[in-house]
Amino acid sequence: GEIFELKAELNSDKKEKKKEAVKKVIASMTVGKDVSALFPDVVNCMQTDNLELKKLVYLYLMNYAKSQPDMAIMAVNTFVKDCEDPNPLIRALAVRTMGCIRVDKITEYLCEPLRKCLKDEDPYVRKTAAVCVAKLHDINAQLVEDQGFLDTLKDLISDSNPMVVANAVAALSEIAESHPSSNLLDLNPQSINKLLTALNECTEWGQIFILDCLANYMPKDDREAQSICERVTPRLSHANSAVVLSAVKVLMKFMEMLSKDLDYYGTLLKKLAPPLVTLLSAEPELQYVALRNINLIVQKRPEILKHEMKVFFVKYNDPIYVKLEKLDIMIRLASQANIAQVLAELKEYATEVDVDFVRKAVRAIGRCAIKVEQSAERCVSTLLDLIQTKVNYVVQEAIVVIKDIFRKYPNKYESVIATLCENLDSLDEPEARAAMIWIVGEYAERIDNADELLESFLEGFHDESTQVQLQLLTAIVKLFLKKPTETQELVQQVLSLATQDSDNPDLRDRGYIYWRLLSTDPVAAKEVVLAEKPLISEETDLIEPTLLDELICYIGTLASVYHKPPSAFVEGSRGVVHKSLPPRTGSSESAESPDTAPSGVQAAEQPAVIPTQGDLLGDLLNLDLGPPVSGPPIATSSVQMGAVDLLGGGLDSLVRRSPALAAAAAAPAPSTAMPANLGAPLGSGLGDLFDLTGGVGTLSGSYVAPKTVWLPAMKAKGLEISGTFSRQVGSISMDLALTNKALQVMSDFAIQFNRNSFGLAPAAPLQVHAPLAPNQSVEISLPLNTVGSVMKMDPLNNLQVAVKNNIDVFYFSTLYPLHILFVEDGKMERQMFLATWKDIPNENEAQFQIKDCSLNADAVSSKLQGSNIFTIAKRNVEGQDMLYQSLKLTNGIWVLAELRIQPSNPSFTV
Amino acid sequence: MIHSLFLINASGDIFLEKHWKSVVSRSVCDYFFEAQERASEAENVPPVIPTPHHYLLSVYRHKIFFVAVIQSEVPPLFVIEFLHRVVDTFQDYFGVCSEVMIKDNVVVVYEVLEEMLDNGFPLATESNILKELIKPPTILRTVVNTITGSTNVGDQLPTGQLSVVPWRRTGVKYTNNEAYFDVIEEIDAIIDKSGSTITAEIQGVIDACVKLTGMPDLTLSFMNPRLLDDVSFHPCVRFKRWESERILSFIPPDGNFRLLSYHVSAQNLVAIPVYVKHNISFRDSSSLGRFEITVGPKQTMGKTVEGVMVTSQMPKGVLNMTLTPSQGTHIFDPVTKLLSWDVGKINPQKLPSLKGSMSLQAGTSKPDENPTINLQFKIQQLAISGLKVNRLDMYGEKYKPFKGIKYMTKAGKFQVRT
């Protein structure tokens, strides 16, 4: 009905009625109604000298041309004609609208008018045409390249009109984003100069484009960097916050090149603070983005805002997302000088209404205590005050942070334990319960009724969350080791609860370790369980320095809001170019020599971060609070204790317990406890895999080596065994060929494996149905699993096998290829891979060369995948293909690999 | 760049969408609705929301969410600034920015949005230029248009867009030439229980209304320009001149605009013009609490404090309040627990106070949180930072304009903890 009426009106003779009708159509379109049926009628109205009507029709065309491409062609003539119109406004409008019509047939007709408009005498038309190139590129990139529009666009960077320059930069930046490899925006000092000139004269939006473009430039020396900085600084006073932040990015990046002794360096630092503070008086949405960026800036250069703590104080009607960010920055800026003020504020926040905010405020107090040693005492007393309020969630948060404070300052604040114990009953959150249990276990010798307290938790053992169960298990073992006489019963109870009644493998494993430790060597148990724990450090929440440097280059972008490099989340960022801060070139009298400066900075910052890896190792053995990260200490200390045998198993299950700990922990275990031998078999195993190049199209399954003779006949009274290992659809099997070379019949075969590094064991008995007559042979596939007991072997993949028959028992040993242990779900999340890769300490890396391999990257990757080695990422660096691989062993150890493929000589790094 | 824009009202209806590139399905807003549901209040919806293929950036103003959809790495501040500019433009065009107003003028809105972005790149965001391109609707113009058949779209190239002063339209003519400047300062402060200042800062702006014929070139100088060490200028201000001489030199846009905004945070420069004496007590195991507040002037440089308004969000446990004000009117809303007291002027001889009792929920322990008192006030003819304009001069035109400067101090986020 309505459509029909509109149709009639559109075809009316009266201009006025026509226009009103088009308006109605547009109105329906904007609210999402489908008015595409009117397409021919609306297009008919396009031939008009009435500018408003023309614009309205254009609006309609842009929306619906895609659904009616054949009809849209009808409009082409008018467009082409309009591009010749004497009025630049009409010319610009035509070229602008044409670019918005995403129909291939129309784009063909667009090229000629566009070429003309790019060289139009009127800058308004040129700047519109510049944007049109970006539009066209989005629709048909090849066409843009073929028509040479990119070069014309590059020429526009030197245009005399600043608006044209800005739009050309914007268009080129957008095109470059989908073409990361192209050098569309390679800047040289001349073009930089042009951009800087245009910067002063173009609109605020143009300034943002130009500043973002400048930030990608690498000045050739500190003098050039300084002169750019000088010309960018006035932008800090712009009313548009996006301009300000883009200017901050340029300055933060180029400052890196300036010598710190320079007067100008200090001036620049001073100039950066006020605009950042001003951003915080803008609308809350702007504040949020600004705060996320300030968070990065204070980590990189804390000196800029160290006196501005107060602007981060929270107002009670700030939106929650602003409050939480402000809190984070307050902690980062906390220092001895301002800690009293900060604490007073935090205490105030802890009485606010919003639960999330209150929790974070309480946590912040704990973080202050850990960060500023002098304040620890005050923090603890503040926390105690808060516990006295008896507000449930406040008490729970307070107990969680007090646990951390104990770990930072052991034997200092234990006097508060009594107060904590009073609140035992009110704890209902797993994290708080676990923290409390940890405290009780850790200080069992000072708490008279520790056994009663822990026993009370034990009653509802099976209803607790895993976190609490694990903690309780460890705490009771600690208690037992400290007070063995009274608590024997308790420890037995918990061990049996954990090992027999629980179906959680983590809990069972830990239970068994403790059980075995306690039963075999209580002294060793004591040393392991009660080992001195490394102190936790303040910097656990700092962004890792190399990532921070990269993020500084992305100030003002989405990456800075998420604190992740764009490669980690931006869609379609194929092979994002990693940006890095420029090295400080510095003048020669500068204290730091040019080469060492950046690495020196890194070295200075590194230690602050690394300890957290080491310290949490302690967690693995007896606490499991916080994210598991690992390092070598316990492994080595245990080795010295001589409990190697146990440790093989212990480490193994420890590692299994926390798959998250991945390669960072994976490699440490074998490489410290089992010196140096993981690498070799792995290397050779991979060598094997590559040998496969020769053919054997076993892409479908995992690679299977040809059978080799394991047990020659002469050693086994005429029984010859040859065999190999294979992995198919998730199960491992041992393929055996038994040949009777003796003169008598053999029967009653049985097989057994000795304990081995990966717990390989036969999953079914060896089944040889008929007795084996002389000179007869039989092929058997023996399924294996990895739940057998574990012992470290040397070499790691050694397997000792015993075969029995009616004649005798024979022993032999064989090496199994590691790749049969690679499980199918060994594909690591890309992000996790990145994170873990960075965390791998150097000592856990190994390099191998694999020679004589003539496969290309893709073939390698698909071949490896057949053997459950998964390609996570691939990139091309300097003509070499880099493959990033992950694989997971049956016991949960991850191995990450980087494969560099050169035409002839692939080398391999673990 | 900016792909699409959705306007969403508080009840979660999309009432307008605009796409600058290909059409993005409105189902992308489902992620926004999820976030909206999760947030306790509309103000708390996070401004950046990731979805599998897009990012949603939003601002919340006039009870409307303006949600921009972007697909690639775009500076979020750029998008948010632009969204605020959109809201400002609507307000400028229609007087108020509301759902009803936008729906009534949907075609103009659509035309304006089309002019503001091209392929997601900002095109014309200065209201001076936009108004030249698309005339704002007025009743008179609608009548005239229907009679004469003329349109509300300008058919001239907006000349300003290409000149060196893109913010000013050409050919401006007035019979009365006038230039007014308002120096408005807002005090943001947090005052603690005992009455001492925790933070205090001044957000100042100079808003101008300039109606001058031709191409006037103005300079504005201050008695004490040193106060202004943290400033943001309108693009028309010549920065070099400010750096060297501390004088604002500019060719103004036509009509209303913000010349500069500044920030004074040095604590000793921020005077606190009012104080609040409060005595709010809850007691355990009692269903009655006491409430008493008094407001008085502090450092007002002899000026009257007026338009005083006290609001406070009372804890949930407060059922009702029985209060008597010495002046003004008060309301306590038992549902939202919001107490507001419209005080009016403060007479230093007879300080306004509000006293009485609160009835509390029986049987519960006393509320955990103390109410914060929010204060609104105005002081005419005073810039609390002490900023003073020295003189305003005009060059480039021959006539004598009428000039005026007004000062005002207001409370911004002025909070007193109890």
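So the values come out like this:
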| quantity | calculated |
| --- | --- |
| Ordering of B:188-197, B:245-254 by burial proxy (mean other Cβ atoms within 10 Å per residue, highest first) | B:245-254, B:188-197 |
| Shape of segment A:429-520, Cα gyration tensor, a/c cut at 1.5 | oblate |
| Protection proxy ranking of A:319-325, B:8-14 - average other beta-carbon atoms within 10 Å, highest first | A:319-325, B:8-14 |
| Cα gyration tensor shape for segment B:295-381, rounded if a/c is under 1.5, else prolate or oblate | prolate |
| Expected-Rg normalisation [2.2 N^0.38 Å, Cα atoms] applied to segment B:1-146 | 1.04 |
| Estimated FRET transfer efficiency when R0 is 60 angstrom, pair A:Asn87-A:Asp501 (beta carbons, to 0.05) | 0.10 |
| In sequence order, calculated HN-Hα J values of segment B:226-242 (Karplus, 6.51, -1.76, 1.60; Hz; x Gly/Pro) | 5, 4, 8, 9, 10, 10, 10, 9, 5, x, 6, 6, 7, 5, 4, 4, 5 |
| Spacing of the two label points (7 Å from each Cα toward its C-beta) at A:Asp104 and A:Leu530, in nm | 7.8 nm |
| Pairwise centroid distance, computed over Cα atoms, of segment A:72-92 with segment A:387-405, Å | 71 Å |
| Overall form of chain B per C-alpha gyration tensor (a/c, 1.5; a/b vs b/c) | oblate |
| Using a Förster distance of 25 Å, the FRET efficiency for A:Arg508-A:Gln800 (Cβ separation, nearest 0.05) | 0.40 |
| Shielding by partners - mean other protein chain Cβ count within 10 Å, residues of A:548-560 | 2 |
| Charged-residue dipole, Cβ positions (Lys, Arg, Asp, Glu), segment A:192-302 about Cα centre, Debye nearest 20 | 200 debye |
| Assigned charges on the beta-carbon of Lys, Arg, Asp, Glu; chain B dipole about Cα centre (debye) | 1540 debye |
| At least 24 Å along the helix axis (C-alpha) and Kyte average at least 0.5, DSSP helices within chain B | B:76-94 |
| Inter-chain shielding of A:201-207 (mean C-beta neighbours from other protein chains, 10 Å cut-off) | 5 |
| GluC sites (Glu not before Pro) within segment A:89-155: DSSP coil, no more than 10 neighbouring Cβ in 10 Å | A:Glu121 |
| Estimated FRET transfer efficiency when R0 is 60 angstrom, pair A:Asn411-A:Ala750 (beta carbons, to 0.05) | 0.55 |
| Loop trypsin sites (Lys or Arg not before Pro), segment A:372-405, which have at most 15 other Cβ atoms in a 10 Å radius of their Cβ (DSSP) | A:Lys390 |
| Residue-span extension gain [A:Gln492 to A:Lys14] - 0.36 nm each, minus C-alpha spacing | 162.4 nm |
| Peptide A:275-283 - average C-beta neighbours from other chains (10 Å radius) | 6 |
| Solvent-free Debye scattering, log10 I(q)/I(0), computed from the Cα coordinates of segment B:273-418 at q = 0.13 Å⁻¹ | -0.64 |
| Entries of A:Lys7/B:Lys135; A:Lys127/A:Lys271; A:Lys306/B:Lys240; A:Lys323/B:Lys337; A:Lys271/A:Lys371; B:Lys378/B:Lys403 with Cα pairs more than 31 Å apart | A:Lys127/A:Lys271 |
| Total charge dipole magnitude, segment B:1-146, about the Cα centre, Cβ charges on Lys, Arg, Asp, Glu only, Debye to nearest 20 | 220 debye |
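Every number here is computed from the coordinates shown, using simple stated rules; none is lab data. Source: prediction; values computed, not measured. Glycine also receives a Cβ, built like all others from the backbone with ideal geometry; neighbour counts cover every protein chain displayed.
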